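Read the structure below first, then the notes.
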Amino acid sequence: MSDADQLKALRVRIDSLDEKILGLISERARCAQEVARVKTASLAEGESAVFYRPEREAWVLKHIMELNRGPLDNEEIARLFREIMSSCLALEQPLQVAYLGPEGTFTQAAALKHFGNAVVSKPMAAIDEVFREVAAGAVNFGVVPVENSTEGAVNHTLDSFLEHDMVICGEVELRIHHHLLVGETTQTERITRIYSHAQSLAQCRKWLDAHYPNVERIAVSSNADAAKRVKSEWNSAAIAGDMAAQLYGLTRLAEKIEDRPDNSTRFLIIGSQEVPPTGDDKTSIIVSMSNKPGALHELLVPFHANGIDLTRIETRPSRSGKWTYVFFIDFQGHHQDPLIKDVLERIGQEAVALKVLGSYPKAVL
Ligand SMILES: O=C(O)C(=O)C[C@]1(C(=O)O)C=C[C@@H](O)C=C1
């Protein structure tokens with residue numbers, strides 16, 4: 001068979017497979033509509049249906065990844081199923097998600113990675129506004145950055161948990177690639193200013209020292225804001241990611257300029273919904289201990305004694321007294337697991353205050 005004939009035959013096969021895939025996706029979408037009907041049918045007076053089920057979504061994605069035999073890799077296949085589920089959920093209930101904006105930030109990319117593209121995403125000007133929007137019930141969920149592998153904790157987010165009653169319903173991790181971006185009006189050999197968020201400037205410090213040691217670095221409120229400025233400003237550049245570059249039509253002068261190639265940020269999904277256990281969960285708590293020697297040791301002993309893996313511990317001023325602190329602790333397990341329940345009870349006996357911020361499935365994607 002000639003190449004042209006082979007190509008034609010393969011395309012006929014692809015057309016027929018696409019028709020089957022279309023039929024199956026439509027059948028799946030009808031199932032989701034039926035799920036919505038069942039969820040709303042048996043509600044008691046005043047109760048509202050829970051359409052978004054993070055524990056079920058985590059299971060579906062993991063199951064697909066376990067079944068996958070290639071040639072598409074697990075991440076790619078899960079991304080496709082993420083989008084299918086996102087569209088199915090939108091048939092049940094179109095989700096509104098607030099994120100730290102403006103449009104084009106890494107937080108928006110994290111929101112879409114977690115929920116898929118069928119959600120309505122709403123940019124907020126500050127982390128605290130995301131919290132307030134969720135607390136007011138104006139959106140279903142919020143997405144905020146909480147820690148970066150190079151720069152550490154995002155203190156605004158931690159402090160917001162002290163002020164708002166919020167449930168953590170999920171986490172998402174994003175590889176952060178920074179590019180040096182310029183607009184049409186910039187002459188690349190005449191760059192005099194580089195704009196970015198302070199964290200991003202810090203994440204690219206060595207690269208900037210090596211390539212632009214004498215250029216002024218200006219910290220602005222977000223990378224997307226930096227990208228927006230340089231679009232219309234002469235001889236300036238921005239450090240930002242792919243979404244901002246696309247949104248503002250900027251050219252990449254240098255790609256992946258972050259000092260550490262594994263530079264990643266972890267984001268939290270905040271809402272008001274408790275998430276049931278999946279068997280592979282994390283829990284976040286805030287604890288305040290009395291200000292006495294050995295308090296931190298006392299707090300950590302029950303975790304160690306029960307072989308519970310701590311994934312993070314962060315200290316912040318408590319805001320309720322000078323030189324008093326609270327600990328933000330993440331660990332593996334769900335607060336409904338009997339072992340974790342015991343540990344939390346023991347800590348509660350020693351602590352001045354203990355709050356479970358939420359238990360949620362470990363990030364799948
Ligand atoms: O299983 C459910 O509860 C559904 O609503 C279905 C479905 C899906 O498409 O698989 C959709 C949304 C939920 O977040 C989880 C799963």
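Structure summary
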item	result
Selected from 243, 183, 261, residue furthest toward positive end of dipole (region 179-262; charges at beta carbon)	183
The chain: DSSP helices with Cα axial extent of at least 18 Å and average Kyte-Doolittle hydropathy no lower than 0.0	74-92
Trypsin sites (Lys or Arg not before Pro) lying in DSSP loop within region 14-115, provided at most 12 other Cβ fall within 10 Å	69
Added length on full extension, which subtracts the Cα-Cα distance from 0.36 nm per residue, residue 12 to residue 63	15.3 nm
Positive-end extreme of charge dipole, region 15-97 - chosen from 63, 29, 49 (charges on Cβ)	49
Loop GluC sites (Glu not before Pro), region 242-297, which have at most 14 other Cβ atoms in a 10 Å radius of their Cβ (DSSP)	255, 274
Region 275-365: chymotrypsin sites (Phe, Trp or Tyr not before Pro) in DSSP loop, at most 14 other beta carbons within 10 Å	323
Environment charge at residue 7 (Cβ cut-off 15 Å; Lys +1, Arg +1, Asp -1, Glu -1)	0
Among beta bridges that DSSP assigns inside the chain, antiparallel share in %, nearest 5	75
FRET efficiency, residue 209 to residue 73 (Cβ-Cβ, R0 22 Å, nearest 0.05)	0.05
Rounded FRET efficiency, nearest 0.05, which uses the C-beta distance separating residue 341 from residue 136 and R0 of 41 Å	0.80
Charge dipole of region 276-361 about the Cα centre (unit charges at C-beta), most positive-ward option of 357, 339, 320	320
At R0 = 41 Å, FRET efficiency that the Cβ-Cβ distance of residue 151 and residue 93 yields, to 0.05	0.70
Listed pairs 231/256; 282/341; 292/355; 62/362 exceeding 22 Å between Cα atoms	none
The chain, helix-only ellipticity at 222 nm - DSSP H runs n ≥ 4, -39,500 (n - 2.57), divided by all residues, nearest 500	-13000 deg cm²/dmol
Whether the chain is rounded, prolate or oblate, judged on the alpha carbon gyration tensor where a/c under 1.5 counts as rounded	oblate
Over the chain, relative contact order from alpha-carbon pairs under 8 Å, at least 6 apart, %	18
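Readers should treat all values here as calculations from the given coordinates under stated rules, not as data from a laboratory. Since this is a predicted model, take the numbers as computed values, not measurements. With ideal geometry, Cβ positions are generated from the backbone for all residues, glycine too; neighbour counts draw on all protein chains shown.
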